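Student: I am attaching a structure below and will ask some questions about it afterwards.
The values are calculated or read from the model by the stated rules, or taken from the named source; none is laboratory data. This one's a predicted model, so the numbers in the text were calculated from it and none came from an experiment. Positions of Cβ are backbone-derived with ideal geometry, glycine not excepted, and every protein chain shown enters the neighbour counts.
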Amino acid sequence: MKILSRNQSGAMDSDEKLYAVTLESKNPPAAHGLDEVDLALLAELAGNARITGAALAKRVGVAESTCAKRLQLLRDRGVITGFTTQMDLAALGHPIQAVIAVRLASHNRDHVLRFHDTLTAIPGVLTVFHVAGENDYLLHVAVTSPEQLRDLVLDHINVHPGVRHTETQLVFSVMPGAGIFAGR
């Protein structure tokens, strides 16, 4: 597969335009302008983000230079937003995980935006979901003890004047789902 390039003025020459039309007619872009190569790269990375560029290129069937350029373009476009490391939280001294549902009394835009900053700054908060429905937020937290969980709720969430209600649920286990590339 050939990656299209433009000359210094940004224009494609006539041969490239013909190739672009041919490429588009044979392989129409998938969702959000991603083609099959992009989706294949993302599927491989979803399964193993530590794969080397050479191994990734080989698995997808493209040249290493093509692979590197495509990955850079995916980062530049904001499709790839980062890489994470999964850790055993219990081994790090945080054996208790919980999901805390938060309901606000008011939905004034300024209050909500300030509350976002408050939630993301709380020590022990792993993920904040701003959701629709009966609750306004779901927080996934990891703490060292039941007392620390209590203090997190009382000292960091319930003290906020906009909070009407919280409900805490202990997490017994976390299991990854199939993901968006399952069956691909």
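Student: Give all pairs with beta carbons closer than 8 Å in which a residue from segment 129-149 that is closer than 17 Å to residue 105 by Cβ meets a residue that is surrounded by 12 or more Cβ atoms within 10 Å (Cβ to Cβ) and small (Gly, Ala, Ser); count only pairs at least 6 apart in sequence or on separate chains.
Tutor: Every condition considered, the pairs that remain are 135/101; 137/101.
Student: Would you confirm whether or not segment 142-158 contains a residue that is touching a Gly at 6+ places or on another chain (Cβ under 9 Å), within 25 Å of residue 91 (Cβ to Cβ) and β-branched (Val, Ile, Thr)?
Tutor: Yes - at least one qualifying residue is present in segment 142-158.
Student: For residues that are surrounded by fewer than 16 Cβ atoms within 10 Å (Cβ to Cβ) and more than 17 Å from the chain's Cα centre (by Cα), scanning just segment 123-134, find the one that is nearest to residue 92 (Cα to Cα).
Tutor: Filtering first and then ranking leaves 123.
Student: Right, next: Among the residues of segment 114-137 satisfying the criterion of being over 16 Å from residue 152 (Cβ atoms) and in contact with a strand residue (DSSP E or B) (Cβ under 9 Å, 6 or more places away or on another chain), which is modelled with the lowest pLDDT?
Tutor: 116
Student: Could you tell me whether residue 111 is surrounded by fewer than 13 Cβ atoms within 10 Å (Cβ to Cβ) and at pLDDT below 95?
Tutor: Considered against the rule, which asks whether it is surrounded by fewer than 13 Cβ atoms within 10 Å (Cβ to Cβ) and at pLDDT below 95, residue 111 comes out as no.
Table: residues versus (1) surrounded by 10 or more Cβ atoms within 10 Å (Cβ to Cβ); (2) of a type in the set (Lys, Arg); (3) under 30 Å from residue 45 (Cα atoms).
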position	(1), (2), (3)
83	no, no, yes
92	yes, no, yes
95	yes, no, yes
100	yes, no, no
136	yes, no, no
142	yes, no, yes
156	yes, no, no
167	yes, no, no
177	no, no, yes
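Student: A further question on this structure: Which residues, counting only those in segment 150-184, are touching a residue at least 40 places away in the same chain (Cβ under 8 Å) and among the hydroxyl-bearing types (Ser, Thr, Tyr)?
Tutor: Residues satisfying the conditions are 166, 168.
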